[in-house]
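Below is one structure, written out as structure tokens, with a few remarks after it.
The values are calculated or read from the model by the stated rules, or taken from the named source; none is laboratory data. Worth saying up front: this structure is predicted, and the values here are computed from it rather than measured. Every residue, glycine as well, gets a Cβ built from its backbone with ideal geometry; the counts of neighbours run over all protein chains shown.
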4 protein chains.
Amino acid sequence: MRVLQLTDDYGIDKLQLVEQDRPKPGHGEILIALKHASLNYRDLATISGFMGKLPAPFIPLSDAAGEVVEVGEGVTRFKAGDKVCPGFFPTWLSGPPTQAVLSRALGGSLNGVACEYICLPQTGASLVPKNLSLAEASTLPCAGLTAWRALVVEGDIKAGDTVLVQGTGGVSIFALQFAKAAGARVIATSSSDEKLEQARKLGADETINYKSTPKWGKEARRLTGGLGVDHVVEVGGAGTLEESLQATRVNGHIAMIGILSGLSSNLSMAAVFSNNLRIKGISVGSIAQFEEMSRAIEANDLHPVIDCHFPFEKTGDALAHMQAGKHLGKVVIDIA
Amino acid sequence: MRVLQLTDDYGIDKLQLVEQDRPKPGHGEILIALKHASLNYRDLATISGFMGKLPAPFIPLSDAAGEVVEVGEGVTRFKAGDKVCPGFFPTWLSGPPTQAVLSRALGGSLNGVACEYICLPQTGASLVPKNLSLAEASTLPCAGLTAWRALVVEGDIKAGDTVLVQGTGGVSIFALQFAKAAGARVIATSSSDEKLEQARKLGADETINYKSTPKWGKEARRLTGGLGVDHVVEVGGAGTLEESLQATRVNGHIAMIGILSGLSSNLSMAAVFSNNLRIKGISVGSIAQFEEMSRAIEANDLHPVIDCHFPFEKTGDALAHMQAGKHLGKVVIDIA
Amino acid sequence: MRVLQLTDDYGIDKLQLVEQDRPKPGHGEILIALKHASLNYRDLATISGFMGKLPAPFIPLSDAAGEVVEVGEGVTRFKAGDKVCPGFFPTWLSGPPTQAVLSRALGGSLNGVACEYICLPQTGASLVPKNLSLAEASTLPCAGLTAWRALVVEGDIKAGDTVLVQGTGGVSIFALQFAKAAGARVIATSSSDEKLEQARKLGADETINYKSTPKWGKEARRLTGGLGVDHVVEVGGAGTLEESLQATRVNGHIAMIGILSGLSSNLSMAAVFSNNLRIKGISVGSIAQFEEMSRAIEANDLHPVIDCHFPFEKTGDALAHMQAGKHLGKVVIDIA
Amino acid sequence: MRVLQLTDDYGIDKLQLVEQDRPKPGHGEILIALKHASLNYRDLATISGFMGKLPAPFIPLSDAAGEVVEVGEGVTRFKAGDKVCPGFFPTWLSGPPTQAVLSRALGGSLNGVACEYICLPQTGASLVPKNLSLAEASTLPCAGLTAWRALVVEGDIKAGDTVLVQGTGGVSIFALQFAKAAGARVIATSSSDEKLEQARKLGADETINYKSTPKWGKEARRLTGGLGVDHVVEVGGAGTLEESLQATRVNGHIAMIGILSGLSSNLSMAAVFSNNLRIKGISVGSIAQFEEMSRAIEANDLHPVIDCHFPFEKTGDALAHMQAGKHLGKVVIDIA
């Protein structure tokens, strides 16, 4: 099988497409033939060597979808032919996160999905939503589930809430879609009027160009009649937190997401304190939460927004495309 | 002003339309000119004398909408011209219910809204949703808020959940609408195929005629792939609980509602125990919850379903119409 | 190894002590040398054949503690010498219960712990609290964890709450201890003044003899100044629910527990509705919840109350002792 | 009556003791004869003019206890002779905070309790716990309730959790006491070994001198076996947040408290994100939460720790004493 890997150095240009033996599923394991993968900013960070020590050789990427082609002894949860997504954290089955489950991530501490076949414990994968193609489903494990957990699991979003999403990357677009499905209002920000127009087409109720309105936190508050938004899906990190604090209502919720925002930010503790804000760090979610998200995707016939496809051997170009920030929604790799 | 009241006996035919002085708002109070009221089964029970001792003379009905026409000293929350609904429990402002707040209900232990003017503390009323007429808004205080609290406040409904609503009365239709706004699936039951057709038009995904399918609990479970529904809005009481227990998934939620289901029911404790079910008694909600509901109604442009209007002096006929069970949605009284 | 089993008939007197081969741990499994088991009413029901079809031959009992003596390939969670309890539901690791995890119970749909050695997946067992003997620890998996989940996980008990516990069986005594550790007040009921005296020694603040005070629900309410109790740990089933409904405060919580209360009860829906009560079925808990409970047991140096010990070969006598209802706390079997 | 006030300038030395008329309770109001007040750091900030524009003349202090001496028309909640505490936010009755209720605080936007008599709406005060003296009770409205809300309301503390409290000021000592009452473990920090010794006497399980161990976050983690603490009661602000982030477990909770930490802090977003931390701003709590706290204080016979008493006319000295940081627990003013 074909595998994309890094061996002894980091960087997009160091990715090598090599041939390896197809793995065999052990006891309780399934073998998945991966059809599509999708990219996250985290993959850029990992491939660039910003994430510290990794397995060597290292297979990147976390998000994919494929078909079960073989099951090991004792497997009851899946059968050959089932369409599945690997779990981002394959040992996080349900309940709150623990250090143990967060320490085992595909395309991170574990090898990832940039390969034609992968073996996983049967408990570490989920059926894809019935209404999605495998290309669409490949966008769910990290980006989709992060947005779901931020708003639904940790945010307890309800109809009538207002959600602010930053930019038009993968997580933000999913957050927009899940928020609208839940009956909420959405305010989207971007530096591009064209992208804001697309966000409106996807359901955004209000938009703010943060280039022309750098004090977008105040503007968001104005758009809620002075009350402030209920939820901010904070993906920008150091450069945006200050405005997010301005935008958020008393007792409101800021979901802090994003592997690239590793640098420190200036936190106005007065705002957190006096407005009784809640800031919650979010990294993806559990297998059980994936399955809840799938039910919502099916019930509302939601479809992930795909920016473009690249063939497997052009994965480096796909990463460069994402890095350039021109995309809206997800960049998909066609593995097979 | 005109007032509808009972003096020394109970029964629809004992309602008298009398003339009284218009009240004056005291310190912190507002005077509301009521325009429309709407009916609930509870009003039948109250007027028929099933609810025990009431104020005498007694003014029935709890749900209405009108316009603030005068404010007392110290009022800051409203001004003349504001369109408002009285709160069902006017002293339940926020937080969980207490014995104290539940003991003070309009058209129950307190005089109600079957009158042209009412004085209330400013904290005991809410602005109506901007997208609604006053007739539509008059259906919210009991029926709308009960459905909202059942699904959103106590049920933590999320997109992809399945909700079972029983029949096509006021609370059930609101539950259907709120569930769809929240991205959930809805299974509606009725004894009338025609009403089920109307429920489908309002968004129900599945319907069950409980006359032709008396084991509708099992059928509801089948319609969820054997899993069971996440929420039952239980309005039927003694006659339906058994099937509701059958319909509900492991760890699922039965919202127990309804003033007429005062008789005992046979509770299969084995089902509650082995499926880890949650049964929660619900009686309406707080002013803060009303305001959350209003935001959801505005954000999703929801409109209450009105069955028909009756003039104030025909309130007795309106009650008889509801008692006959022919309605779908709410019966509205035009007060002024 | 010695194994206690039923082969083709039900009843305490049909239990046979037989010799079997010691199992070998497979991939990801641990082999536990069981030292003590403890009894629950559920075991009486199972052995008597009230629980429907079971594995044949059937090894009863769910609660035990022992020592890991061998680990299979791939085991990282335990090592030889670790002191552990098998999980009652060995596949319920974390999060809310599902039909799948509830359908796999030791000494129920799965063979149990009435044997000298058992193999389990490494994820299906937990370290015992450091402050307990193995005999004490053997009482935790069902009785301890049920009380913990009822009050802490589902009940969100907080300091100052009032908890009513019924009788002095295993779950009730654990509930008393956990409630006191959480800073709550406890009202205990029993038909025996002697047992009530013992309950006081364990920390009960108030006691009610339900023989001399059959309307104990009203009395419990009186003892809370008319407010009602926050939590009832309802183990009695059909015979007690009525009084529990009387005892519980507005918005209060009744944890419905108990495998023997399989018969129906009369449920006063008026009480559930008008007091906004919550009734929650509880069956044991997850591995993660067991570990939280263990931390609480260690932090507060709690010790399970053991009524008496029986040798393994006298398990039938132990069951008869429990059936006679003379015990206070847990009946322990010394396996090895 | 005697009143302590600022007129046209800020500073401890600008406080004037003046004579004013005793107020009269209006409709729905109670008149309280205040007996004791207690000090918070916030009072230093307010009196020093750091809190922006205040009422002029301005009566400082928020925490007090006294006796109802007269009730206005329509008062049902209290009678003369009742012992009560004014609510810090007198219009925050129950439920989550809103901008409206947070904008009305005693000794802040409203005049405070540094006076012999105060009139409040009957809904804006609570009975004091029965087991406390009025001096003890005077410490509850801000300091006690902040600690309660941080750990119990927002933190859902449970037995076996580990709580880190910083220093030995009023909130921290209350947090220590409430955590122990809830069955949790406590780690206390201080720069004084003597104060740490006193913290141990109050129940602290572990102590860290942050002068000799400046990396106390790592040390706290070590004391939990590497897991991290469940809750940090963060009162230090800018200078301590970094270590608090190090101390807190995956999915753990940092309660951000404190009016003096108004300056910005460096927030390591990587830590918040990768450990899925929750940071929650807390400012005091509601009347309903005060009453829950009182039940806990009574049930566990907790007594606030009083550092010392000052007479009313020496309030300036008392403030200076607190500012010097020599106290452990609360500084009380004897008003009458």
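Can we say C:V152 is assigned to a strand (DSSP E or B) and either at pLDDT 95 or above or more than 18 Å from D:D161 (Cα to Cα) (or both)?
no
The rows are residues; the columns are (1) of a type in the set (S, T, N, Q); (2) surrounded by 16 or more Cβ atoms within 10 Å (Cβ to Cβ); (3) under 24 Å from the mean Cα position of the chain (by Cα).
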residue	(1), (2), (3)
D:R22	no, no, no
D:P25	no, yes, no
D:I30	no, yes, yes
D:A33	no, yes, yes
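Does C:H321 meet the test of being out of contact with any Ser or Thr (no Cβ under 9 Å at 6 or more places or on another chain) and surrounded by fewer than 24 Cβ atoms within 10 Å (Cβ to Cβ)?
When the stated conditions are applied, C:H321 passes them.
Of all residues in the range A:3-31, which are among the charged types (D, E, K, R) and either part of a loop (DSSP other than H, G, I, E, B) or outside the structural domain of A:V84 (by TED's automatic domain parsing) (or both)?
Once the filter is applied, which keeps residues that are among the charged types (D, E, K, R) and either part of a loop (DSSP other than H, G, I, E, B) or outside the structural domain of A:V84 (by TED's automatic domain parsing) (or both), the range A:3-31 yields A:D8, A:D9, A:D21, A:R22, A:K24.
Identify all residues within the range B:56-73 that are out of contact with any Cys (no Cβ under 6 Å at 6 or more places or on another chain) and surrounded by 14 or more Cβ atoms within 10 Å (Cβ to Cβ); write none if there are none.
B:P57, B:F58, B:P60, B:L61, B:A64, B:G66, B:E67, B:V68, B:V69, B:E70, B:V71, B:G72
Determine which member of the set B:K83, B:K130, B:K79 is away from chain D (no Cβ under 12 Å), touching an Asp or Glu at 6+ places or on another chain (Cβ under 7 Å) and surrounded by fewer than 19 Cβ atoms within 10 Å (Cβ to Cβ).
On inspection, the qualifying residue turns out to be B:K130.
Could you list all residues from the range A:178-214 that are within 11 Å of chain B (Cβ to nearest Cβ), buried (at least 24 other Cβ atoms within 10 Å of the Cβ) and not in a strand (DSSP E or B)?
Listed by number, the residues that qualify are A:F178, A:A179, A:A181, A:A182, A:G183, A:A184.
Since B:A220 meets every condition but one in (1) in a helix (DSSP H, G or I); (2) without any contact (Cβ under 8 Å) to a residue 40 or more places away in the chain; (3) under 27 Å from C:T98 (Cβ atoms), which condition does it not meet?
Going through (1) in a helix (DSSP H, G or I); (2) without any contact (Cβ under 8 Å) to a residue 40 or more places away in the chain; (3) under 27 Å from C:T98 (Cβ atoms) one by one, B:A220 breaks only (2).
Among A:A100, A:A65, A:A37, which is outside any strand (DSSP E or B) and of a type in the set (G, A, S)?
Only one candidate passes the filter, namely A:A100.
So which residues in the range D:157-177 are assigned to a helix (DSSP H, G or I) and within 13 Å of chain C (Cβ to nearest Cβ)?
D:F174, D:A175, D:Q177
For A:R42, work out the one condition from (1) basic (K, R); (2) assigned to a loop (DSSP other than H, G, I, E, B); (3) under 22 Å from A:G169 (Cβ atoms) it doesn't fulfil.
Unmet condition: (2).
Condition check: surrounded by fewer than 24 Cβ atoms within 10 Å (Cβ to Cβ), closer than 30 Å to A:S133 by Cα and assigned by TED's automatic domain parsing to the domain that holds A:K218. Does A:G236 satisfy that?
Against the criterion (surrounded by fewer than 24 Cβ atoms within 10 Å (Cβ to Cβ), closer than 30 Å to A:S133 by Cα and assigned by TED's automatic domain parsing to the domain that holds A:K218), A:G236 qualifies.
Conditions (1) farther than 21 Å from D:P141 by Cβ; (2) surrounded by 23 or more Cβ atoms within 10 Å (Cβ to Cβ), marked per residue:
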| position | (1), (2) |
| --- | --- |
| D:H253 | yes, yes |
| D:L267 | yes, yes |
| D:I279 | yes, yes |
| D:V284 | no, yes |
| D:E292 | no, no |
| D:A299 | no, no |
| D:I306 | no, no |
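What do you reckon, is D:G95 on the phi > 0 side of the Ramachandran plot and part of a loop (DSSP other than H, G, I, E, B)?
Answer is yes for this residue.
When you check B:S191 against the structure, is it modelled with pLDDT under 95 and not acidic (D, E), yes or no?
yes
If D:V152 satisfies every condition in (1) buried (at least 24 other Cβ atoms within 10 Å of the Cβ); (2) over 27 Å from D:G124 (Cβ atoms); (3) of a type in the set (A, V, I, L, M, F, W, C) but one, which is the exception?
(2)
Does the range A:242-249 contain at least one residue that is under 22 Å from the mean Cα position of the chain (by Cα), assigned to a strand (DSSP E or B) and either surrounded by 20 or more Cβ atoms within 10 Å (Cβ to Cβ) or touching a residue at least 24 places away in the same chain (Cβ under 8 Å) (or both)?
no
Quick grid of which residues meet (1) under 15 Å from D:L302 (Cα atoms); (2) without any contact (Cβ under 8 Å) to a residue 24 or more places away in the chain:
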| residue | (1), (2) |
| --- | --- |
| D:G167 | no, no |
| D:F174 | yes, no |
| D:Q177 | yes, no |
| D:G183 | yes, no |
| D:T189 | no, no |
| D:E194 | no, yes |
| D:E197 | no, yes |
| D:L202 | yes, no |
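Go through the range B:292-333 and give me each residue that's assigned to a helix (DSSP H, G or I), charged (D, E, K, R) and within 17 Å of the chain's Cα centre (by Cα).
Within the range B:292-333, just B:E292 meets the criteria.
Go through the residues of the range D:216-229 one by one and say whether even a single one is crowded, with 18+ Cβ neighbours inside 10 Å, within 14 Å of chain C (Cβ to nearest Cβ) and under 28 Å from D:H321 (Cβ atoms).
No, because not a single residue in the range D:216-229 is crowded, with 18+ Cβ neighbours inside 10 Å, within 14 Å of chain C (Cβ to nearest Cβ) and under 28 Å from D:H321 (Cβ atoms).
Quick check on my filter: what residues within the range B:284-332 are closer than 16 Å to B:D13 by Cα and either of a type in the set (D, E, K, R) or touching a residue at least 40 places away in the same chain (Cβ under 8 Å) (or both)?
Listed by number, the residues that qualify are B:F312, B:E313, B:K314, B:T315, B:G316, B:D317, B:A318, B:L319, B:A320, B:M322, B:Q323.
Which of the residues spanning the range B:275-302 are more than 14 Å from chain A (Cβ to nearest Cβ) and touching a helix residue (DSSP H, G or I) at 6+ places or on another chain (Cβ under 6 Å)?
Once the filter is applied, which keeps residues that are more than 14 Å from chain A (Cβ to nearest Cβ) and touching a helix residue (DSSP H, G or I) at 6+ places or on another chain (Cβ under 6 Å), the range B:275-302 yields B:G281, B:I282, B:V284.
What about C:G170, is it at pLDDT below 95 and buried (at least 20 other Cβ atoms within 10 Å of the Cβ)?
Here the answer is yes, as C:G170 does meet what is asked.
Hey, among A:A159, A:A137, which residue is in contact with a Phe, Trp or Tyr (Cβ under 9 Å, 6 or more places away or on another chain) and either surrounded by 24 or more Cβ atoms within 10 Å (Cβ to Cβ) or without any contact (Cβ under 8 Å) to a residue 60 or more places away in the chain (or both)?
A:A159 is the lone residue from the list that is in contact with a Phe, Trp or Tyr (Cβ under 9 Å, 6 or more places away or on another chain) and either surrounded by 24 or more Cβ atoms within 10 Å (Cβ to Cβ) or without any contact (Cβ under 8 Å) to a residue 60 or more places away in the chain (or both).
Scan the range B:247-258 and tell me whether some residue there is more than 28 Å from B:W92 (Cβ to Cβ), modelled with pLDDT under 95 and in contact with a helix residue (DSSP H, G or I) (Cβ under 9 Å, 6 or more places away or on another chain).
Scanning the range B:247-258, I find no residue that is more than 28 Å from B:W92 (Cβ to Cβ), modelled with pLDDT under 95 and in contact with a helix residue (DSSP H, G or I) (Cβ under 9 Å, 6 or more places away or on another chain), so the answer is no.
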